[in-house]
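One structure is given here, and the rest of the page talks about it.
The values are calculated or read from the model by the stated rules, or taken from the named source; none is laboratory data. What you see is a predicted model, and the numbers here were worked out from it, not measured in a lab. Glycine also receives a Cβ, built like all others from the backbone with ideal geometry; neighbour counts cover every protein chain displayed. Side chains are part of the model used for accessible areas, which takes the heavy atoms of the whole protein and leaves out ligands, DNA and RNA. Shrake-Rupley method; radii C 1.70, N 1.55, O 1.52, S 1.80 Å.
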Amino acid sequence: MYVYEDEYVTRRRTPRRARAGAAAALLALALLAGGCTDAGGGVRGAPGAAGLRDPYFPKLGNGGYDVRHYALSLAYDPGTGRLDGTAEITARATQDLSAFNLDLAGLTVSGATVDGAPAAHNRAGDELTLRPREDIRDGAEFKATVTYTGVPEPITDADGSEEGWLRTDDGALAVGEPEGSMTWFPGNHHPADKATYDITLTVPAGLEALSNGVRTDRRTEGDGRVTTVWHSAEPMASYLATVAIGRYETSTSTAPGRPTPPAKPTGPTTDKATPPAKPTAPASASASESATAPRSLPVLTAAEPSVAAGSAALRGEIPGILARQAERFGPYPFSAAGAIVTEDGTLGYALETQTRPVFPAAAFDRTTLVHELAHQWFGNSVTPATWRDLWLNEGFATYAEWLYTEEYEDVPARTHFARAFAQDANWAFPPADPPSAENLFDPPVYQRGAMVLHKLRETVGDATFDEILRGWPEKYRHANASTADFTAYAESVAGKDLDDLWKVWLYGDGKPAKP
């Protein structure tokens, strides 16, 4: 996400509304599990946790299972705002399960199955509880299917900004950081549980329907509606999923380079009620893969008609920017790239939605574009273990801006550092320890997060810093990582203890006497 301050808007994300009915959800879960008997070949399960105990969003996500894949089929009527959806969720149990929860805000569930058999379901606030006919054995893979309908309602933040399913004059735009994705599909909506996706969108003829990844099919239905299918082969956190429906003008191109092969998602082997502090990272590409010849990366951009011409030139720069970033950060981690540019008014901020970041026209400038594309490495491929680790997204993306101007506009990163050091707002709290959810998107997470990286660079030297800059997204490619993971990794590459640096710049409460 990009925070920007100008005449257009000042973006300060604030905590989401309290999860309605949390106590009722726990009661309903207990009632559903109350009749549990030996089933499934002798398995006697227990309900999965209704929440992952995130430091800022404790009820977000669910325990007891690890999602491997979402297959979403969505039909949307812009005239009525009605969304008809079917979510097929392939998951692996991380405990013996008698029941499990999915996050879903609003919408009406008409039916649910687990492995093809009808499953009891209950709603309490934003919690959808499913009780399979037979308990699920720890380690077993299962498929939950939920059919639902309704008019999605966006989530409004205290600062007036909105996320979730945002209705437009001729369609809709879906964004979800940190929990808006639960307004349009049921799931395990915490970044610790990444999965691959297939998203099928059916809309009236004359409209475009876009999402993440590669478009694998486009067809006209018998009733005249148009269906498009989008495939995301690499793991994605649910907050990075997007849908854009409207009269978009699209353009395609290619970028050089070899996307790294997708890693097979690996789930934890224990209950995920508390996200693991040190998730296991998939291995990096092998030497033989690295030696293969580069292949083209498909780049698809889209813009609403009123902003298509004005954004065309900068959209055309995306292949070049990605190529330059790949030189600093390593191979681009996904199978597709692009951008979506909307008219102003629908969205008040840019967001790094995976492979295809979203921008309101007023925020579609080169600096913001560099920021959101850098997130594809930092935040999207390497995803925070909890929301407390958000500075690893925003600090790196902000520093990517500084690197870009240093390399291509002759403005040293040290100049940006000095400017940030002088701003009192950047010293409100340590970037690795925001005081509450309402502070997650405040200046210290972005600017002071970038200052941490610059001080690291000055401490270890450019050569070692470049090794860290490339090695970090390689080591944790398509995985989750925490602040502790990063500090340990930086010290291992530098070959020395960096506690003094972390103590002052990453965790320190006050402003140092000297920059």
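For the reader, a short list of remarks on this structure follows.
- Computed with every protein chain present, the accessible area of Glu208 is close to 30 Å² [probe 1.4 Å].
- Label-point gap, in nm, between Glu406 and Ser306 - each point 7 angstrom along Cα→Cβ: 4.0
- Cα gyration tensor category, rounded, prolate or oblate, for region 356-502 with a/c compared to 1.5: rounded
- Exposure of Arg328 as accessible area (Å², to 10), given a probe of 1.4 Å and all protein chains: 50
- Segment Asp509-Asp217, length gained on full extension (0.36 nm per residue, minus Cα span): 99.9 nm
- Residue pairs exceeding 32 angstrom between C-alpha atoms, taken from Lys59/Lys455; Lys59/Lys496; Lys455/Lys475; Lys59/Lys503; Lys59/Lys475; Lys475/Lys503: Lys59/Lys455; Lys59/Lys496.
- Stretchable slack from Asp466 to Ala428, in nm (0.36 nm times residue separation minus alpha-carbon distance): 10.8 nm
- Given +1 at the Cβ of Lys and Arg, -1 at the Cβ of Asp and Glu and no other charges, the dipole of region 316-394 around its Cα centre is 240 debye to the nearest 20.
- Each DSSP beta bridge with both residues in region 301-413 is either parallel or antiparallel, and the antiparallel ones are about 10%.
- Net dipole in debye of region 36-111 [+1 Lys, Arg Cβ; -1 Asp, Glu Cβ; about Cα centre; nearest 20]: 160
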